[in-house]
Amino acid sequence: MSEFVSTRTGPFIIDNSGDDRKVVHHLRDWCVTGTQLDVATGTFEIGGLLSVRDEWPRTKNIRILMGTDVSLRTKAAFEQALNQITQTLDQSLESQKRRDDFLEGVDAVVEALKSKKIDCRV
């Protein structure tokens, strides 16, 4: 694989309209160790990342701006990631509550907010 070095200072727009150079080929070249990859796409399919599974982990980070149209496979992957993050945060809060008396009673405050016993506005 050849390393890609861009001399451009602005965005570089590509699509799959040409037979000789598809988006996946550009993605492979742009996944350079320690770089940030910014992608804007109307439709995102997790298969795009899977097709460069050996290359994308080398990047420092990837930012993807996507439209609302995603495949069921992509939606399921996002939901799985969100569930795992939520579980980790919940476990962290519960662990902290056991160590910090100040956090005791958080559940009661949340319930009071839900039931409008405590009313807050911004």
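The values are calculated or read from the model by the stated rules, or taken from the named source; none is laboratory data. All of these numbers come straight from a predicted model, not from anything done at the bench. Areas reflect the complete protein model, heavy atoms only, side chains present, ligands, DNA and RNA absent. Shrake-Rupley method; radii C 1.70, N 1.55, O 1.52, S 1.80 Å.
Overview of results
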| quantity | calculated |
| --- | --- |
| S115 accessible area, assembled protein chains, probe 1.4 Å, Å² | 70 |
| Other-chain or far-sequence residues with amide H under 5 Å of I62's (modelled H) | L37 |
| Nearby lysines by direct alpha-carbon distance to K75 (threshold 26 angstrom, same-chain neighbours under 8 apart not counted) | K22, K60 |
| Cut-off under 5 Å, modelled amide H: who pairs with V70 long-range | none |
| Kirkwood-based shape ratio for region 41-122, expressed as Rg/Rh from alpha carbons | 1.17 |
